[in-house]
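Taking it in order: structure first as structure tokens, then the write-up.
The values are calculated or read from the model by the stated rules, or taken from the named source; none is laboratory data. Because the structure is predicted, anything quoted here is derived from the model rather than measured. Here the Cβ positions follow ideal geometry from the backbone for every residue, glycine too, while neighbour counts run over all protein chains shown. When the accessible area is computed, the model is the full protein with side chains, heavy atoms only, and any ligands, DNA or RNA have been set aside. Shrake-Rupley method; radii C 1.70, N 1.55, O 1.52, S 1.80 Å.
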Amino acid sequence: GITVEGARQQLMGSGHCSAPHQIDYLNKALDRLVVTLRLMPQLGPDSRVLELGASPYFMTALLLHYFSAQLELANEPYWLQVDGGHVYMLNRKLGLEHHFDYKAFNIETEPFPYEDGSFETVIYCEMIEHLMHDPTHSLYEIHRVLKPGGHLILSTPNPFRLENTVK
């Protein structure tokens, strides 16, 4: 099964979880990541999963460990990676190495660069609350790229957490 301690072991020791701010984020987000993973439907090796807002790739690393599905990653564009880029993940502690590409596009205004009905599951976590306009476009595009009967896993931060209340 998927446990918090098992997920922590998968992520600690990886290059993308070594700086103090990354470890702090992981400590705050780990319970949420595990709950999200437990919501995932059964996925086979031919299943395609789209992870929107993949950076900082904690969920990506956990998906790679717990599921055999094919992952597609997407991030918002920024000035260095307008159309996308490449991510290299290394966990020396566990001897794991992953290479993958991601696409970059504006989920609020641009068509998603995927065919209709391409994915069994779309993961849309901790993003919708950051949208500056109307989230309708992103939800329309998610519906378009999901296969009939597909799954959308959407989450937002807990507004009642003390840190969020203070903000």
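Among VAL87, VAL145, VAL49, the residue with the largest mean-square fluctuation in a Gaussian network model of the chain, with springs joining Cα atoms closer than 10 Å, is VAL87. With both residues required to sit in the chain, DSSP beta bridges show an antiparallel share near 35%.
This structure gives mean projected area of the Cα convex hull in nm², computed directly, and of (1) 14.1; (2) 9.7; (3) 10.4 that value is listed as (3). Protein heavy-atom accessible surface, 1.4 Å probe, per residue over the stretch 1-157: 53 Å². Secondary structure note: in the stretch 83-158, about 55% of the DSSP beta bridges are antiparallel. Solvent-accessible surface (1.4 Å probe) assigned to LYS103 amounts to roughly 80 Å². The charge dipole of the chain, taken about its Cα centre with unit charges on the Cβ of Lys, Arg, Asp and Glu (plus for the first two, minus for the last two), comes to roughly 640 debye.
Secondary-structure-derived ellipticity at 222 nm for the chain, considering helices only, amounts to -9000 deg cm²/dmol, per-run term -39500 (n - 2.57) for DSSP H runs with n ≥ 4.
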